Amino acid sequence: MSNYFFELLVVIFGVYLGFMANNYSEELKQRDYINATIKEMYVSLEHDIEDAVLNKSGHETGLKSVKYFGKVYRGEEVEIDSFEHHLLKLTRSYVSIQNTASFETLKSKGLNLITNDTLRSKIIKLFDFQFDMLEKVEEKYAESQLFANFYPDLMEILDQSLYFGNTGQLEKIAAPLDITNAEKSRLVLILKRLMYTRYFNISVYDDVIGDMKDLRKSLENEYPFLKEK
């Protein structure tokens, strides 16, 4: 009877060890999976920051073009050779592209895998809210569709004040512009709306870029292996 009981204990203990070993193996797989996903997020954020900085820079260039056309409006001397460059930048819009694959992976597995509550909140805020907001501001916010909203009116106003040579090269801009008072008012309002839209978009980028950098730093603090080369 004692031998049977001992054998039973051995079997139970063996099953228990097997169960614990299996759990440990699954925990290791899950940890490796999370680490790989976090690594992907960390790396993609670096590229997202670079893309956002480029878009922000584009809006800042757009502000310089607003100032250029402000000089044109006031009849001040401007570089004729820069006209086409500033015309292009004046109403250029941008596409907001972020890599959300790592976040979607975490969501599918359960965001509670990120045990640090503060870090988890930062991830959700950036990927679920701010990236969506950035996309809407650039691509769905009607005021940001600069070319469609302003370019036709701008060309209609400037049409009689631009003088081109036989090769199609701009040679002269009338100073003052050959436009009516009503057209002057329209031009001023267009430039103001372009300026305000650019400033608004830049402010959004400042917030999102700041939070992307903060999230990368928080990921480094939580997962030191990210800083390893």
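What follows is calculated from the coordinates using simple rules that are stated; it is not laboratory data. Just so you know, these numbers come straight off a predicted model, no measurement behind them. All Cβ positions, even for glycine, are placed from backbone atoms using ideal geometry, and neighbour counts span all protein chains on display.
Charge tally for I80 (other residues, Cβ to Cβ under 15 Å; Lys, Arg +1; Asp, Glu -1): -4. In the chain, helices alone account for a calculated mean residue ellipticity at 222 nm of -24000 deg cm²/dmol, with every DSSP H run of four or more residues adding -39,500 (n - 2.57).
Computing Rg and Dmax of the Cα atoms in Å for the structure here picks out one of [x] 20.3, 61; [y] 17.3, 61; [z] 29.4, 113, namely [z]. Exposure proxy shown here: for F147, F225, F69, the number of other Cβ atoms within 10 Å sets the order, fewest to most, as F225, F147, F69. Here is the link list: K71/K172; K56/K136; K39/K217; K107/K140; K64/K89; K64/K172. Which ones come out longer than 19 Å on Cα distance? As for pairs spanning more than 19 Å Cα to Cα, those are K107/K140; K64/K172.
The Cα-based radius of gyration of the stretch 105-229, divided by its Kirkwood radius, gives an Rg/Rh of 1.26.
Label sites at K184 and E222, each approximated as a point 7 angstrom past Cα along Cα to Cβ, lie 5.9 nm apart.
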